[in-house]
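Everything below concerns the one structure shown next.
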Amino acid sequence: MFAYDLRLALDSMKRHPGLSALMVLAIALGIAVCTVTFTIYHAMATNPIPDKSSQLYAVTLDTWSAERPYDDDKPDLPPQLLTYRDATYLYGAKAAPRSVVMYKSGALLLPERNGVKPFNAQLRVTSHEFFPMFDVPFQYGQGWDAAADAGPQPVVVLNHETNAKVFGGENSVGRTLKLGKIEYRVVGVLQPWAPSPKFFDLNNGSFEDPEDAYIPYGWGKALEMPVYGNTNCWKPESGDTYQDFLNSECIWLQFWAELPTIADRDRYQAFIDNYARSQKAAGRMPRKLNNVLYDVGQWLDRNDVVQKDNRVLIGIALLFLGVCLVNVVGLLLAKFLNAAPLTGLRRALGASRRDIIRQHMTEVLLIGLTGGVLGILLAVGGLAGIRAIYGSDFTRGSYERLTEIDPVVVLVTLALSLLAGAIAGLYPSWRIGRTAPAVYLKTQ
Amino acid sequence: MDIKPILSSLRRSPTGAILVALQIALALAIVVNSLFIIVQRMEQISRDPGIDVANTFFVGFQASSERFQGEVTMREDLQILRSLPGVQAATVVNAVPLSGGGSATSVYTEQNEKGRRGDMNYFQVDEQGLETFGAKLVEGRNFDATIVTMPPKNSSTSPSGILITRDVARDLFPDGSALGKTVYTGTNQPVTILGIIDHMHGSWPGWDKVGNVALFPVITDETYARYMVRARPGQRDAMMKLAEEALGKVDNGRVILRVRSLEYVAASTYAKDRAMALYLTVVVALLLGISALGIFGLAAFNVSTRTKQIGTRRAVGARRTDILQYFLAENWLITTVGVVLGCVLALVLGYWLSTAFELPRLKLYYLVFGVVGLWLVSLAAAFRPARRASMVSPAIATRTV
Amino acid sequence: MFEMTQVTKAYRTDLLETHALREFSLKVGKGEFVAVTGPSGSGKTTFLNVAGLLETFDSGSYRLDDVDVSKLDDDARSRVRNHKIGFIFQSFNLIPDLNVFDNVDVPLRYRRMPAGERRERINSALDLVGLSSRMKHLPSQLSGGQQQRVAIARALAGDPALLLADEPTGNLDSLMARQVMDLLEQINGMGATIVMVTHDPELARRAHRNVQVIDGQITDYKPYEAHSASVTVLHPPAADATYG
């Protein structure tokens, strides 16, 4: 029976090729626009570390001014970064099974290899827990230990691309590398690794590539390494030395804690609240107690990783699909009603109402599926176009990553196109199925 | 043209007409709101930055050895840059305008953070800073080389005199001239306003105070600093090459990392807005296209299924123009219902966008564009089928098959 | 009423030329009831199309009401159809979306007639065909005979001088066919000129004059004699049929 329905559907499409093409095109465009939008949205909203996203917490303390909130648009939220002294205390207290303190910096990298120009390497100045906490995969070697942070010892972990650029991709563990004025020994090389969004540090763009290399946290203070992220201060700070800066209320450090259970989290919350109270007693932290632990998902939300623009586009894309569907419903209805005398004849020859509905739905789903496949092809083209226009040049790889079509999106899209077809076809099919055979058999 | 017969015909089989009207309504809602967003973004992008964007580029550099001697080395480099034939002016700068990265601070009209506050995005430049940016001074004078200083690293010392834009001046002294006035930093250091810049954009184009800019007579101590160079008109690309070569020949303890035009930087900063505008433009174009095709398809189909009826009308005396008018009027009627409904939908969508996403409220006159636009699109789409209908021969009426 | 002289009409396709009318001449006087008969493909319908100004012709002349209509443009021909000619088609050609009243209204609309006069005319036309009570019905709710009577009312409402009927009973059974014929005779009796195309000799006999067309030409052309048309109503108009 299905084969017969399919043949009837094909015949019917052939009878009005222009109309059929128009319907396929309408569905294809609707699906294409949705696919492009969903792909970008999906890439933005993806959980970058699904296994541990509910165990890793960004730690925030409200250390801001009594007079105004950190962010006027979100007055109830504490700032995302910590002061040096708070971060130092929290890190030293070891109240969590694991915690990491870090910031982004940079230094001139002078490769020994011929033909490679010096470049300003983006660095993550971080305590050693970074690698195990964020499940960072190593290709060669490993990270460093607490002693290296405290030393600080001149050790460095390179990411995959930097190792390829500087050492031609070979196992460079044990080799040395000059960053700024210091010669570092390579202890580890990462596998290609680029969590997207770059959840652990969203300061310089949510979809940036991770840093070129990692050095122990102690070097930050020892070398007075510059801050490449944001430094925000709410009160005028006097003093001319780096130590003055470290003692200030300026915020610039990222701090994460790994808290495997809810109990751990509650305990840690109590710990930071107690600390904040003690600071209040000492005359700091003038705002009301507001210290928040964000797991990865909450952190992405709090930082508006999915941009407003993209939410707007999702809405517009769905409305666009709506227009396409209404379009198709109109065309289908006209087409089916036009063929009503033939349908009446089929009814007279013994087709049941369900037969008629099934026959028409087959045609509709065929149109929907054809439109869906064409739509995905158009979407692939569209995404390639976006990549071409906004290539990686501008934004360190972010568009590359955002415009990769995802099998999940493809499946969702195909399901959507069938659903769209079904919705579009339901009324016309039902309407034509409902007609009494006699009406259309009588004259004309 | 009498619309009563059209109405009674539509009343008899309204579904197709309702669907077309609904489609037009949805399309109108999307088109109007998209257009609004597009125009906003384009306005944002095409604002006058008050800077000679087309002829300016920067050279990023970083100290690489002990031979780098701060101000001395930088002055040396600037000397090289300024001696290039096609260079109009050059300065060292702590941040690049329109790049998304920069520094800001506040000054007050009274001590202890009292009085009026002026937020400003500041650029540390030397005496050629003003000319390099191509900004226009409307009051006062530019600072000369003598007051340009290089404070020690991490110092919170402020310069004694600065240039500010009119926007900052208005925030600080709304009622009178800011020129020559003294303002105070958060640490109560007095700062004199030496001159007022007409208009200039700072580092963050998305900031609502993007025009709040100040120039500080300071040689920056950033580890990653830039030389900003303004070429003579049309010579930018040549000067970019020449500058890289000339600086590369001198080994004075720093390496040149990157030479980029300000145009490129501005383009990448506005990439997101441009992408949004482009994306919505494509959506609007596709939407109008698909709506036009849909209206055309349905109209053509209706005409082809009504040829007998059209022939009969012709046989009983309808002129070609009567038939043409009939179909255009029918289309106009449906479209009008659609656009009226569409206006309501557009307002609802606009309201939703403005509340849920804090976008500006839809301006009502955009509805007019949308309505006229869709009317025309719809009319154009229906014209060919209507014309084909008017060409139907009256002799069709006597055909029995 | 009208006079066709040496009218020739050919249909051309890429390969062949078919002569539908060949030097066709016919004169019909005011008040006549002429039946045009002939086998199918003989050119009857083409003659009717030409006579009704639905189609143009290649050569010859055609005078309608002493006006040479061969030179008229499309709009003027539409006007002539609207004012002077009423059509009755084999397949009725009612507009399915419009009810009985609105269907009869169609030609009057194109005459830009004021609403009051239109209503009057529609009412009296529907009265004449005995369908005043069905004004609000849709064509699909009527029997074939009733539909054809609506079509006749539509043709009559404009008060045409010439009524052209194309196999008016072709789609009807014999009882309804007879009712329609009775109606046509009644209308003829009221002064309208009727030209009816039919292949049914039975029906043709009820006309005053028979013209036979074969191969686009008239085979037994009898010139019209001014006072031979004595009108006899053979059957009284039937009352509204009881079915439908």
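The values are calculated or read from the model by the stated rules, or taken from the named source; none is laboratory data. Keep in mind that what you see is a predicted model, and the values were worked out from it rather than measured. All Cβ positions, glycine included, derive from the backbone under ideal geometry; neighbour counts span all protein chains shown.
Residues that are closer than 29 Å to residue C:172 by Cβ, of a type in the set (A, V, I, L, M, F, W, C), crowded, with 22+ Cβ neighbours inside 10 Å and touching a Leu at 6+ places or on another chain (Cβ under 7 Å) do not occur anywhere in the range C:11-23. Scanning the range A:143-192 for residues that are surrounded by 14 or more Cβ atoms within 10 Å (Cβ to Cβ) and among the polar types (S, T, N, Q) yields A:153, A:159, A:162, A:163, A:172.
Those strands (runs of 3 or more DSSP E) of the range B:112-167 in which 2 or more residues are of a type in the set (S, T, N, Q) occupy B:114-125. Across the range B:1-22, the number of residues qualifying as touching an Asp or Glu at 6+ places or on another chain (Cβ under 9 Å) and within 12 Å of chain A (Cβ to nearest Cβ) comes to 2.
The set of residues in the range B:268-294 that are at pLDDT 85 or above and more than 9 Å from chain A (Cβ to nearest Cβ) comprises B:277, B:281, B:284, B:285, B:288, B:292.
Taking every residue in the range B:52-77 that is facing chain A (nearest Cβ under 10 Å) and in contact (Cβ under 8 Å) with a residue 40 or more places away in the chain and pairing it with any residue that is among the aromatic types (Phe, Trp, Tyr) and part of a strand (DSSP E or B), at least 6 positions away or on another chain, the pairs with Cβ-Cβ distances below 6 Å are B:62/B:224. Taking the criterion of being more than 17 Å from the chain's Cα centre (by Cα) and either of a type in the set (Ser, Thr, Tyr) or within 14 Å of chain B (Cβ to nearest Cβ) (or both), the only residue of the range C:145-178 that qualifies is C:174. Each residue in the range B:271-298 was checked for being surrounded by 18 or more Cβ atoms within 10 Å (Cβ to Cβ), more than 23 Å from residue B:334 (Cβ to Cβ) and in contact (Cβ under 8 Å) with a residue 40 or more places away in the chain, and 6 pass.
Each residue in the range B:355-401 was checked for being polar (S, T, N, Q), buried (at least 20 other Cβ atoms within 10 Å of the Cβ) and away from chain C (no Cβ under 14 Å), and 1 of them qualify. Within the range A:415-440, being within 12 Å of chain C (Cβ to nearest Cβ), surrounded by fewer than 17 Cβ atoms within 10 Å (Cβ to Cβ) and either touching a Gly at 6+ places or on another chain (Cβ under 7 Å) or modelled with pLDDT of 80 or more (or both) holds for one residue alone: A:439. For the range B:95-113, the set of residues classified as on the phi > 0 side of the Ramachandran plot and either in contact with a helix residue (DSSP H, G or I) (Cβ under 6 Å, 6 or more places away or on another chain) or not assigned by TED's automatic domain parsing to the domain that holds residue B:170 (or both) consists of B:98, B:100, listed by residue number. Sort out which residues of the range A:301-333 are more than 8 Å from chain B (Cβ to nearest Cβ), charged (D, E, K, R) and either under 18 Å from residue B:353 (Cα atoms) or in a loop (DSSP other than H, G, I, E, B) (or both), and write them in order of number. Once the filter is applied, which keeps residues that are more than 8 Å from chain B (Cβ to nearest Cβ), charged (D, E, K, R) and either under 18 Å from residue B:353 (Cα atoms) or in a loop (DSSP other than H, G, I, E, B) (or both), the range A:301-333 yields only A:304.
Within the range B:226-235, the set of residues being touching a helix residue (DSSP H, G or I) at 6+ places or on another chain (Cβ under 8 Å) and crowded, with 22+ Cβ neighbours inside 10 Å comprises B:227, B:228, B:229, B:230, B:231. Quick one: would you say residue B:262 is more than 24 Å from residue A:323 (Cα to Cα), surrounded by 22 or more Cβ atoms within 10 Å (Cβ to Cβ), more than 14 Å from chain C (Cβ to nearest Cβ) and under 26 Å from the mean Cα position of the chain (by Cα)? Answer is yes for this residue. Among the residues of the range A:185-207, the ones that are in a loop (DSSP other than H, G, I, E, B) and either touching a Leu at 6+ places or on another chain (Cβ under 7 Å) or under 14 Å from residue A:159 (Cα atoms) (or both) come to 8 in all. Against the conditions (1) touching a residue at least 12 places away in the same chain (Cβ under 8 Å); (2) away from chain C (no Cβ under 14 Å), residue B:302 satisfies every one except (2). Among the residues of the range B:161-209, the ones that are in contact (Cβ under 8 Å) with a residue 12 or more places away in the chain and under 31 Å from the mean Cα position of the chain (by Cα) come to 26 in all. Note on the range A:211-269: residues that are away from chain B (no Cβ under 11 Å), of a type outside the set (Gly, Ala, Ser), in contact (Cβ under 8 Å) with a residue 60 or more places away in the chain and part of a helix (DSSP H, G or I) amount to 6.
Determine if the range C:52-63 includes at least one residue that is touching a residue at least 60 places away in the same chain (Cβ under 8 Å) and not charged (D, E, K, R). Yes: one or more hits. If the condition is being touching a Lys or Arg at 6+ places or on another chain (Cβ under 9 Å), closer than 14 Å to residue C:104 by Cβ and in a helix (DSSP H, G or I), then the range C:133-178 contributes C:146, C:150, C:156, C:157. Taking first residues from the range B:377-388 that are farther than 12 Å from residue B:321 by Cα and partners that are of a type in the set (Val, Ile, Thr), the Cβ contacts under 7 Å between residues at least 6 apart in sequence or on separate chains come to B:378/B:24; B:378/B:295; B:378/B:335; B:381/B:295; B:382/B:295; B:385/B:303. Here the strands (runs of 3 or more DSSP E) wholly within the range A:67-154 that include at least 2 residues being free of Cβ contacts under 8 Å to residues at least 60 places away in the same chain are A:119-126, A:138-141. For residue B:245, the conditions (1) out of contact with any strand residue (DSSP E or B) (no Cβ under 9 Å at 6 or more places or on another chain); (2) not assigned by TED's automatic domain parsing to the domain that holds residue B:90 all hold with the exception of (2).
With respect to residue C:31, determine if the residue is touching a residue at least 12 places away in the same chain (Cβ under 8 Å) and in a loop (DSSP other than H, G, I, E, B). Criteria met by residue C:31. For the range B:310-323, indicate whether the set of residues that are crowded, with 17+ Cβ neighbours inside 10 Å, within 37 Å of the chain's Cα centre (by Cα), touching a residue at least 60 places away in the same chain (Cβ under 8 Å) and assigned by TED's automatic domain parsing to the domain that holds residue B:40 is non-empty. Scanning the range B:310-323 turns up no residue that is crowded, with 17+ Cβ neighbours inside 10 Å, within 37 Å of the chain's Cα centre (by Cα), touching a residue at least 60 places away in the same chain (Cβ under 8 Å) and assigned by TED's automatic domain parsing to the domain that holds residue B:40.
Evaluate the following for residue B:27: is it modelled with pLDDT of 90 or more and not assigned by TED's automatic domain parsing to the domain that holds residue B:281? No, not satisfied. Residue C:118 falls short on exactly one of the conditions (1) touching a residue at least 40 places away in the same chain (Cβ under 8 Å); (2) within 11 Å of chain B (Cβ to nearest Cβ), and that condition is (1).
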